[in-house]
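Let me begin by presenting the structure, written as structure tokens, before commenting on it.
The values are calculated or read from the model by the stated rules, or taken from the named source; none is laboratory data. Only a predicted model underlies this, so the values are computations on that prediction, with no experimental measurement involved. For neighbour counting, all protein chains shown are included, and Cβ atoms are generated from backbone atoms with ideal geometry for every residue, glycine included. Each accessible area value is taken on the protein alone, full model and side chains, heavy atoms only, with ligands, DNA and RNA left out. Shrake-Rupley method; radii C 1.70, N 1.55, O 1.52, S 1.80 Å.
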Amino acid sequence: TRSTRPQRLLAAVQKNATRGDPRSVVRAIDQFCRHKEWAMNVGDEKGCILDSVVSEANPTYVLELGTYCGYSTVRIASLLSPNSKLITVEFNPEYAKIARQVIAWAGLQDKINLVEGASGDLIPKMQEMFGVKTFDLVFLDHWKDRYLPDTKLMEKCGLLRKGSILLADNVICPGTPDYLEYIRNSPQYESQYFKSHLEYTKVEDGLEKSVFLG
Ligand SMILES: Nc1ncnc2c1ncn2CCCCCNC(=O)c1cc(-c2ccc(F)cc2)cc(O)c1O
Ligand SMILES: [Mg+2]
């Protein structure tokens, strides 16, 4: 049977990237998506904004919601300091299978815990499963109608501390209107919009960075 797009993306990584070199994995995926087949990675343009937010935050504990093929997982983990951890949550087992291989190719499996399941089910279990108290940075890139309920759930579970950063992809395209409305009007957050483009296109999109004020 015909291969899937994630399988073809993984093949491009294994063909064009150097084992153990995360930046070459990121570059190989961007090349594949720009010249061969579009895929819903955060991409190179928004990826630079992601890099600057991660570098500035220098987080110890990172949560990513929505792994897909592991592009942003590898991109973030490549910037983390030695004792830090990234937990990434993926709902789709096919995506998770590919992401594990992309993460292994980058040589980052020791920094990354990929857990399969729905964010709404797993968020309440984060403390017991991984011994994490609070997350310093959360990257939201999963179902767009889960951004708001999962943010409220993280607040309720005490997973955010004063200064925790939420970085949300796709707030314009496909769009997360209820999340934007909430986070921009809540006195508990200080938000900033980084205007950019939908990955590999000229369509407007952007990242919303919000600092939890506690
Ligand atoms: N742990 C969990 N819990 C719940 N859902 C979970 C999950 N883990 C995964 N999912 C299920 C999310 C599946 C992918 C989410 N991302 C997206 O849907 C997405 C779509 C576009 C897009 C834009 C314009 C277009 F024309 C077409 C597509 C771009 C993006 O950057 C996107 O991130
Ligand atoms: Mg996205």
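Note on Lys46: lysines with a C-alpha under 20 Å away, same-chain residues under 8 apart excluded, are Lys36, Lys144, Lys195, Lys202, Lys209. For the stretch 77-202, taking the reciprocal of the average inverse distance between every pair of different Cα atoms yields a Kirkwood hydrodynamic radius of 15.9 Å.
Stretching the chain fully between Cys173 and Tyr193 yields a gain of 5.9 nm (0.36 nm per residue, less the alpha carbon separation). Roughly what angle does helix 5-16 make with the longest principal axis of the chain, taking Cα atoms, 0 to 90 degrees, to the nearest 10? Its long axis makes an angle of about 60 degrees. With the helix formula -39500 (n - 2.57) applied to DSSP H stretches of n ≥ 4, the chain reaches a computed 222 nm mean residue ellipticity of -12500 deg cm²/dmol. Among Leu86, Leu65, Leu153, the largest mean-square fluctuation in a Gaussian network model of the chain, built with springs joining Cα atoms closer than 10 Å, belongs to Leu153.
Against the chain, whose longest principal axis is taken from its Cα atoms, helix 93-106 shows a tilt of about 70°. A DSSP coil position with no more than 16 other Cβ atoms inside 10 Å describes the following trypsin sites (Lys or Arg not before Pro) in the stretch 1-108: Arg2, Arg19, Lys36. Reducing the stretch 1-18 and the stretch 84-137 to their Cα centroids gives an inter-centroid distance of 21 Å. Solvent-accessible surface of the chain, taken per residue with a 1.4 Å probe and all protein chains present: 46 Å².
Taking only alpha carbon atoms, the chain gives an Rg to Rh ratio of 0.94, where Rh is the Kirkwood radius. For the chain, with all protein chains in place and a probe radius of 1.4 Å, 52% of the accessible heavy-atom surface sits on carbon or sulfur.
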